[in-house]
Amino acid sequence: MAQVQVQREPVLPNIGLNEKVLSETAFVLNTASADEVILALRTKNYAYNVVDPRASMFCHLFNTQFKEQEIVADKIARHIRGLGYKVPNLSEKLRFARIDVPKEGEWPDCNTMVTNLLNNHETIIQHLCKDRERIKDLGVKAVEDLILEVERCHMQWAWELRTHIQTQTGGTGGKAQH
């Protein structure tokens with residue numbers, strides 16, 4: 001991941017956090033925001049492009065997750081703005097992102113779509129765990145709570161996707177094969 005600078009407003013909020021803590025917190029949230037937006041775009045793109053006898057079911061699942069991801073991305077963006085920083089534009093998000101970005105011409109089959117999304121959710125969960133610890137060390141409880149909330153959303157979405165992989169493989173539990 002290329003190092004990206006967070007862009008702040010001329011006047012920072014007076015909320016009991018020094019500029020260094022605000023900047024580090026904004027960086028963590030900008031990174032989480034990038035992951036959310038890129039995953040949401042991938043999810044929506046998959047909803048548009050799923051080709052499978054079960055397309056209607058997967059289109060509904062992907063669209064539902066996309067709508068929920070939009071809400072999460074909006075919450076993160078509002079926290080970034082509340083800290084006095086700008087939310088990255090799409091070009092910056094591509095540099096902030098920690099998940100893989102879809103390749104040009106990538107049109108996977110339905111099962112691969114589900115696996116790709118699951119892998120992205122699991123990667124985000126791992127990063128959010130580290131982010132939450134970093135924010136906890138900075139002492140920003142409201143953002144720590146937000147990250148935990150986002151982490152729980154990704155656990156739910158991953159579970160929804162994992163059940164489809166387990167159904168396809170006939171599994172009754174355990175980790176999906178990636």
query = Which of (1) free of Cβ contacts under 8 Å to residues at least 60 places away in the same chain; (2) over 30 Å from Leu138 (Cα atoms); (3) surrounded by 14 or more Cβ atoms within 10 Å (Cβ to Cβ); (4) not acidic (Asp, Glu) does Thr43 not meet, given it meets every other one?
reply = (1)
key: region 77-122, residues that are part of a helix (DSSP H, G or I) and charged (D, E, K, R)   = Arg78, Arg81, Glu92, Lys93, Arg95, Glu122
inquiry  = Conditions first: (1) at pLDDT 95 or above; (2) surrounded by 15 or more Cβ atoms within 10 Å (Cβ to Cβ). Asp74 passes all but one, so which condition is the exception?
reply    = (2)
request  = Could you grab me the full set of residues in region 149-178 that are modelled with pLDDT of 95 or more and of a type in the set (Gly, Ala, Ser)?
outcome  = Ala158
query = Going by the conditions given, is Asp109 loosely packed, with under 13 Cβ neighbours inside 10 Å and under 15 Å from Ala26 (Cα atoms)?
reply = no
task = Kindly list, by first and then second residue, each pair from a residue in region 60-80 that is touching a residue at least 40 places away in the same chain (Cβ under 8 Å) and over 15 Å from Leu41 (Cβ atoms) to a residue that is surrounded by fewer than 17 Cβ atoms within 10 Å (Cβ to Cβ) and not β-branched (Val, Ile, Thr), limited to pairs with Cβ atoms under 9 Å and residues at least 6 apart or on different chains.
result = Leu61/Glu160; Lys75/Glu149; His79/Ala142; Ile80/Lys86
request  = Would you be able to tell me the number of residues in region 46-59 that are touching a residue at least 60 places away in the same chain (Cβ under 8 Å) and β-branched (Val, Ile, Thr)?
outcome  = 1
note = With the first residue restricted to region 1-22 and required to be part of a loop (DSSP other than H, G, I, E, B) and at pLDDT 70 or above, and the second required to be exposed (fewer than 10 other Cβ atoms within 10 Å of the Cβ) and polar (S, T, N, Q), Cβ contacts under 6 Å at 6 or more apart or on different chains are none
remark   = Taking region 134-143 and keeping residues touching a helix residue (DSSP H, G or I) at 6+ places or on another chain (Cβ under 9 Å) and assigned to a helix (DSSP H, G or I) leaves Arg134, Ile135, Lys136, Leu138, Lys141, Ala142, Val143
task = Kindly check whether there is at least one residue in region 77-85 that is out of contact with any Leu (no Cβ under 6 Å at 6 or more places or on another chain), crowded, with 17+ Cβ neighbours inside 10 Å and either modelled with pLDDT under 95 or charged (D, E, K, R) (or both).
result = yes
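The values are calculated or read from the model by the stated rules, or taken from the named source; none is laboratory data. Quantities reported herein were computed from a predicted structural model and do not represent experimental measurements. Neighbour counts run over all protein chains shown; Cβ positions are idealised from the backbone, glycine included.
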